[in-house]
1. Failed condition for Leu131, given (1) in contact (Cβ under 8 Å) with a residue 60 or more places away in the chain; (2) aliphatic (A, V, I, L, M); (3) crowded, with 22+ Cβ neighbours inside 10 Å, with all others met?
2. Please count how many residues of the stretch 228-279 are free of Cβ contacts under 8 Å to residues at least 12 places away in the same chain and under 19 Å from Thr189 (Cα atoms).
3. Helices (runs of 4 or more DSSP H) wholly in the stretch 247-349 with at least 2 residues that are under 30 Å from Glu176 (Cα atoms) and at pLDDT 95 or above - which ones?
4. All but one of (1) buried (at least 21 other Cβ atoms within 10 Å of the Cβ); (2) free of Cβ contacts under 8 Å to residues at least 60 places away in the same chain hold for Ala177; state the number of the condition that does not hold.
5. Go over the candidates Thr115, Thr140, Thr96 one by one and state the one that is touching an Asp or Glu at 6+ places or on another chain (Cβ under 6 Å) and either on the phi < 0 side of the Ramachandran plot or assigned to a helix (DSSP H, G or I) (or both).
6. Quick one: what pairs do we get from the stretch 76-99, first residue in the same structural domain as Phe190 (by TED's automatic domain parsing) and aromatic (Phe, Trp, Tyr), second outside any loop (DSSP other than H, G, I, E, B) and crowded, with 19+ Cβ neighbours inside 10 Å, C-beta under 9 Å, 6+ apart or different chains?
7. Just checking, which of Asp320, Asp267 is acidic (Asp, Glu), surrounded by fewer than 17 Cβ atoms within 10 Å (Cβ to Cβ) and either within 28 Å of Gln234 (Cβ to Cβ) or not assigned by TED's automatic domain parsing to the domain that holds Ala228 (or both)?
8. What number of residues in the stretch 143-171 are at negative phi and in contact (Cβ under 8 Å) with a residue 60 or more places away in the chain?
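The values are calculated or read from the model by the stated rules, or taken from the named source; none is laboratory data. Note that this is a predicted model, so its numbers are computed, not measured. Cβ sites come from the backbone with ideal geometry, for glycine too, and all protein chains shown count toward neighbours.
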Amino acid sequence: MATTSTAGGGLPRMRLYAIIAAAVVVALIVVGLAVLATGGTDGEGTKAAAKPTTSKPLPGRPSIAVPPLADAPDDAAARVAWAKGLVATQPSTEATIRLAAAQAAAGDEAAARATLAGDTSPGAQAAMALLDYDAKQPATAVAALQALVAAAPQDAFVGFSYGEALLWSGQRAAGEAALRNVRDTHPDTFYGVASDNLMYPTLPAGYPPFVPSQAVPTRTLAQLKQAADTRLEQLQPQLDYGAALLAAGQRKAAGAAFSDALAVDPDSVEAKVGKIIASYNKDKPAASFGQMGPLARDNPSNVSPRLHLAMMLLWLRDTDTARAQLRQVAAKDPNGRLGQFAQQILDSL
């Protein structure tokens, strides 16, 4: 199944064709943090994955996880009809799996099996293995998925489904190893982010956001890249492009863009902050804290490091310490973009 670029928020975010106005981005982040604070759920991919925290087998079976699409209806029956339309107009394995996922979610397992029966691709077979998963005898489905991973090692959907099945069967260590492989092989895709989220079910989905001190121009990624490429000697175009890439979930490319910014100005605090956020790793959050903390300490007049330190604290669910950092940002920059953002977060919490 094809993998697509994602952004972090819930499990997943799809490819970004145009950069949303900065004010809207800020509003979305505030809403997302409010959801995190109240323990709500987010997109389709999140609902497809429960929150295992032990090595005990989980009841039921893992769902068929598919990347969310903006025009997909919420109603189960309507989603099935919509997915059938995709299969008819844009036939592909991805569309077939999406239809089967919608049918299974609507409770029509027979229809889901019939949909998958005509597709012999590894992805469709993996989806069928998930339908065949039996909590009383999970070994059969797990073995089938393991064979599919061996046959299609680059298929992110197959790898994610295998990791899911291992977790549900109670094999948490093996499941995390499978999911970590998907995350590291496909880091900026729906399944890469979903794998990271599933490995860390007690943490917020996705990654800490980057909030630029200046609003990013409302342009496409291609346009922002062109501006950065044609003005290599200027700092702001590199910062804008890096911020836009992070908003689009393209963290690896964003890190490179912020490196380009540092090549222009090695002392740019904002570029350093962006690079730290782009490299945030749920396996090793201490590495990012070890960089952001000293940056905030050494640049007391620049509120960006402290704001993003607070964001990382929120991602560790250390809300009290994050509030303290946000209050400092709001007090130091009451009329500035970052100070007002900090106040919005405080209000949402």
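1. The failed condition is (3).
2. Residues meeting the conditions: 1.
3. Details: elements: 251-264, 269-278, 285-298, 304-315, 319-332, 337-348.
Answer list for the stretch 247-349: 251-264, 269-278, 285-298, 304-315, 319-332.
4. It fails just one condition, (1).
5. Working: Thr115 fails: touching an Asp or Glu at 6+ places or on another chain (Cβ under 6 Å); Thr140 fails: touching an Asp or Glu at 6+ places or on another chain (Cβ under 6 Å).
Only one candidate qualifies: Thr96.
6. These pairs meet every condition: Trp82/Ala102.
7. Working: Asp320 fails: either within 28 Å of Gln234 (Cβ to Cβ) or not assigned by TED's automatic domain parsing to the domain that holds Ala228 (or both).
Exactly one of Asp320, Asp267 is acidic (Asp, Glu), surrounded by fewer than 17 Cβ atoms within 10 Å (Cβ to Cβ) and either within 28 Å of Gln234 (Cβ to Cβ) or not assigned by TED's automatic domain parsing to the domain that holds Ala228 (or both), namely Asp267.
8. Initially, the stretch 143-171 is screened for residues at negative phi, giving 143-169, 171.
Keeping just the survivors that are in contact (Cβ under 8 Å) with a residue 60 or more places away in the chain gives 155-158, 160-161, 164-165, 167-169, 171.
Looking only at that region, the number is 12.
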